[in-house]
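Trainee: What follows is a single structure, and I will ask about it in a moment.
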Amino acid sequence: MSASTPFEIISLIHFVCLFVCLFIIIYVPQIFVGAKNSVIEKLKLTLIVLIFTFQIFEFYKTTVLFQEPWQNALPIHMCDFSALSVVIYFLTGKRFFFNFAYFWGIAGAGMALITPDVIYAFPSVDYLAHQYGHTLIILGVSIGLTLFGERPHSRDILIIFGFTLLLLMPIYLVNHILHPLGNYWYTFEKPIGNNIIVLLLPDAPYHMIPLIPLAFAFMLLTYAPLYFKDRKNNQAN
């Protein structure tokens, strides 16, 4: 397969890549269950280093490999915030940052893994970097869930959603300053790609009207497994 093969969401190679990403997310933390604290600390440090080195590579990829302007390479996409939340959580242990990583990571990075906004498929650098970077984010969440027993609660949905809406204001300002370059959080234009969500959204700037409640719906969907787990445990007791 050529590195210039157009990306197709319904394709065998994409399904295989998704399976590999999910395998890493689910089973890598299982390897460290019951490990010594020193080993867990090394795991956290390793993921922090991988996240930072990936951010550096992303800037290099955008500005050097693809020769796009630096304004398109700032680390302020929602998934960049998710990655930063993972790092801060690992360094401080503050559940507040885990909650950001949980909702933004699983909903945002999870959707990005399934429907990457890339033009070319595997083994293009853009596709591989996209899948690798978003896998790191959800892996950090999986480590928090599996090794530290961390989890959000129902009230955290509104808290994180509220902070997300507040952050939209400076993101809009940044995009306005950089216009026509920069489209962080996709506030000015819809993501590229032919997935059903993008196709159903109206043209910009009206795409943000259904996108905001859709984001909240994804947060609810992300929390649903924990809700049903709690309900099952309460019934058992």
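The values are calculated or read from the model by the stated rules, or taken from the named source; none is laboratory data. All values derive from a computational prediction rather than experimental measurement. Quick reminder, even Gly has a Cβ in these numbers, built from the backbone with ideal geometry, and neighbours come from all protein chains shown.
Trainee: Ile9 fails exactly one of the following numbered conditions: (1) surrounded by 11 or more Cβ atoms within 10 Å (Cβ to Cβ); (2) among the β-branched types (Val, Ile, Thr); (3) part of a helix (DSSP H, G or I). What is the number of that condition?
Mentor: So the condition that Ile9 fails would be (3).
Trainee: If you check every pair at least six apart or on different chains, which have Cβ atoms under 6 Å apart with a residue in segment 53-81 that is assigned to a loop (DSSP other than H, G, I, E, B) and charged (D, E, K, R) first and a residue that is modelled with pLDDT under 95 and surrounded by 16 or more Cβ atoms within 10 Å (Cβ to Cβ) second?
Mentor: Going by the 6 Å Cβ cut-off, the qualifying pairs are Glu68/Thr62.
Trainee: Do we have any residue at all in segment 66-76 that's among the polar types (S, T, N, Q) and touching a helix residue (DSSP H, G or I) at 6+ places or on another chain (Cβ under 7 Å)? Lay out the reasoning, then the answer.
Mentor: Taking segment 66-76 as the starting set, the residues that turn out to be among the polar types (S, T, N, Q) are 67, 71-72.
If we keep only those that are touching a helix residue (DSSP H, G or I) at 6+ places or on another chain (Cβ under 7 Å) too, we end up with 71-72.
There is at least one residue in segment 66-76 that is among the polar types (S, T, N, Q) and touching a helix residue (DSSP H, G or I) at 6+ places or on another chain (Cβ under 7 Å).
Trainee: Here is a follow-up. Pick from segment 111-123 the residues that are part of a helix (DSSP H, G or I) and touching a residue at least 40 places away in the same chain (Cβ under 8 Å): which of them is surrounded by the fewest Cβ atoms within 10 Å (Cβ to Cβ)? Lay out the reasoning, then the answer.
Mentor: Let us first name the residues in segment 111-123 that are part of a helix (DSSP H, G or I), namely 111-114.
When the remaining residues are screened for being touching a residue at least 40 places away in the same chain (Cβ under 8 Å), the result is 111, 113-114.
Numbers: Met111: 17, Leu113: 21, Ile114: 14.
Restricting to residues being part of a helix (DSSP H, G or I) and touching a residue at least 40 places away in the same chain (Cβ under 8 Å), the top hit is Ile114.
Trainee: Can you name every residue in segment 90-125 that is under 18 Å from Pro152 (Cα atoms) and of a type in the set (Phe, Trp, Tyr)?
Mentor: If the condition is that a residue be under 18 Å from Pro152 (Cα atoms) and of a type in the set (Phe, Trp, Tyr), then Phe90, Phe96, Phe97, Phe98, Phe100, Tyr102, Phe103, Trp104 are the ones that fit.
Trainee: Can you pull out the residues in segment 21-38 that are free of Cβ contacts under 8 Å to residues at least 12 places away in the same chain and surrounded by fewer than 12 Cβ atoms within 10 Å (Cβ to Cβ)?
Mentor: Those that are free of Cβ contacts under 8 Å to residues at least 12 places away in the same chain and surrounded by fewer than 12 Cβ atoms within 10 Å (Cβ to Cβ): Phe23, Tyr27, Ile31, Gly34, Lys36, Asn37, Ser38.
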